[in-house]
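Report on the following structure.
What follows draws every value from the coordinates through simple rules; no lab data is involved. A quick note: this is a predicted structure, and the numbers were derived from the prediction, not measured. For neighbour counting, all protein chains shown are included, and Cβ atoms are generated from backbone atoms with ideal geometry for every residue, glycine included.
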Amino acid sequence: MTAPAKLISYVFQPLLMPSLVFFTLLFHVGNSSNLTENSKWTVVGLIFFTTCLVPMITVIMFRLTKVIHDLQMKERKDRFIPFIFITIFYLVVAYLILGQDWMNTTMQLAFKAMTAVVVLTNFITFFWKISAHAAGVAGWLGFIIAFSVKYPGTSTLFVPLLLAIVVNGLVFWSRLYLHAHKPAELWAGALLGFSVCYGAISFFL
């Protein structure tokens, strides 16, 4: 079962979460934007490129140059340099993207919340090995629940909700199976991700 656990960890990594959140928001929440269908895909592609693909390639480069010992980064010290880079990169992307005309209030809040989760998770990592995976998938779940409350009757969030619940369970299982985290580290990450993302939409939208 090691191979499936690793596959789940690689696929549903924290860097993928902004793309999932924006896809959910733009394609499953009615009246969430005035963008055309093609523009929505362009936005999701932009989010994927800037918040997932570029950081992921950089982490792979860290591995190839032996800055880190493995992509799973089981050792907390292996996370320091990649997490510092990812934190700075997310802050730069947030600075550049939040001023765009197509970023409405909901999208701005979502991106700010995700950036906050990244910064907080990476900061905590310097002192304790909190789970970034759990923070990411639980944050996605928090957004979905908050969107369903804020946009009742206009959303098609049932399937994303089920998927998010299943993914949360799979990620928890995979991280435990791979001995990448202890239960407390997973629950702490999940609490952080869910509370920040759910709270941002619930209290500020």
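Taking 0.36 nm per intervening residue step and subtracting the Cα-Cα distance, what contour gain separates Val166 from Asp70 on full extension?
31.9 nm
How big is the stretch 2-55 in terms of Cα radius of gyration and Dmax, in angstroms?
13.2, 44
Separation between the Phe85 and Leu53 pseudo-spin-labels, each 7 Å from Cα along Cα→Cβ, expressed in nm?
Result for the modelled spin labels: 1.8 nm.
Which helices, taking whole DSSP H runs in the chain, have alpha carbons extending 20 angstrom or more along the helix axis plus mean Kyte-Doolittle at least 1.6?
Flagged H segments are 80-97, 158-177.
Amide H to amide H, which residues 5 or more places from Ser155 or on other chains are under 5 Å from it, using H placed in the peptide plane?
Amide H neighbours of Ser155, under 5 Å, 5+ apart: Gly30.
Expressed as a whole percent, how much of the Cα-Cα distance distribution for the stretch 127-205 exceeds 17 Å?
The answer is 46 percent, as a whole percent.
How high is the relative contact order of the chain, in percent, counting Cα pairs under 8 Å that sit 6 or more residues apart?
Relative contact order here is 31 percent.
Have a look at Leu98, Ala3, His28 and report the one farthest towards the positive end of the charge dipole of the stretch 1-115, computed about the Cα centre with Cβ charges (Lys/Arg +1, Asp/Glu -1).
Farthest along the dipole direction, towards plus: Ala3.
Which of the pairs Lys40/Lys66; Lys77/Lys182; Lys6/Lys129; Lys66/Lys129; Lys6/Lys112 have their Cα atoms more than 26 Å apart in this structure?
Check vs 26 Å cut-off fails for Lys40/Lys66; Lys6/Lys112.
How far apart, in nanometres, would the label points at Leu205 and Tyr10 be if each is projected 7 angstrom from Cα along the Cα-to-Cβ direction?
Taking the two extended label points, one gets 3.4 nm.
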